[in-house]
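Participant: Just passing along the structure, written as structure tokens.
The values are calculated or read from the model by the stated rules, or taken from the named source; none is laboratory data. Keep in mind it's a predicted model, so treat the numbers as computed, not measured. Here Cβ is always computed from backbone atoms with ideal geometry, including for glycine, and neighbour counts include all displayed protein chains.
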Amino acid sequence: MTPLGPADILAAETGSVAHEEGALMWIFKNLAWLVIMIAVVGFAILNVGGRVSEIRLPGVTYADLPLTVVLFAAFVFGMFLAFIMTMFHSLKERAVTGRLTRENQSLKQELQALRNLPLEDLNIGGRRSGGV
């Protein structure tokens, strides 16, 4: 068995810290979801007898609906809109990333071409290589 060097000990410590931070973040994320779910279920239970008298949409009128159904439908509609907006934002970002990747590739090719120029065409220190 070989003794651990300082770099090995440091790598082990940072891996442990990263794992602890990831576990802590996982706990906070799941705890937040649990609180949200308890709040939603509690709100639904407290309003189980609630009724909405009338909802008017273009061309349709709904009367005497349970409040929980209306709130759930509004939640689903909001999540759908958030998904659509996120999808468009993601597609826009991918287009920008693709454009920047192509521009970067073009600049790399230009730099490579400049690096391959012959040295005799350079003007170093104000002297010309033509001999005047």
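Participant: In segment 49-64, which residue that is of a type in the set (A, V, I, L, M, F, W, C) and exposed (fewer than 10 other Cβ atoms within 10 Å of the Cβ) is farthest from ALA74 (Cα to Cα)?
Facilitator: Taking segment 49-64 and keeping what is of a type in the set (A, V, I, L, M, F, W, C), we get 52, 55, 57, 60, 63.
With exposed (fewer than 10 other Cβ atoms within 10 Å of the Cβ) added as a condition, the list becomes 57, 60.
Numbers: LEU57: 13, VAL60: 16 Å.
Going through the qualifying residues, I end up with VAL60.
Participant: Does segment 55-73 hold any residues that are out of contact with any strand residue (DSSP E or B) (no Cβ under 7 Å at 6 or more places or on another chain) and on the phi > 0 side of the Ramachandran plot, and which are they? Break it down into steps so the answer makes sense when it comes.
Facilitator: Taking segment 55-73 first, the residues out of contact with any strand residue (DSSP E or B) (no Cβ under 7 Å at 6 or more places or on another chain) are 56-60, 68-69, 71-73.
Matches in segment 55-73: GLY59 only.
Participant: Counting only residues that are in a strand (DSSP E or B) and modelled with pLDDT of 85 or more, how many does segment 56-73 have?
Facilitator: Number of matching residues: 8.
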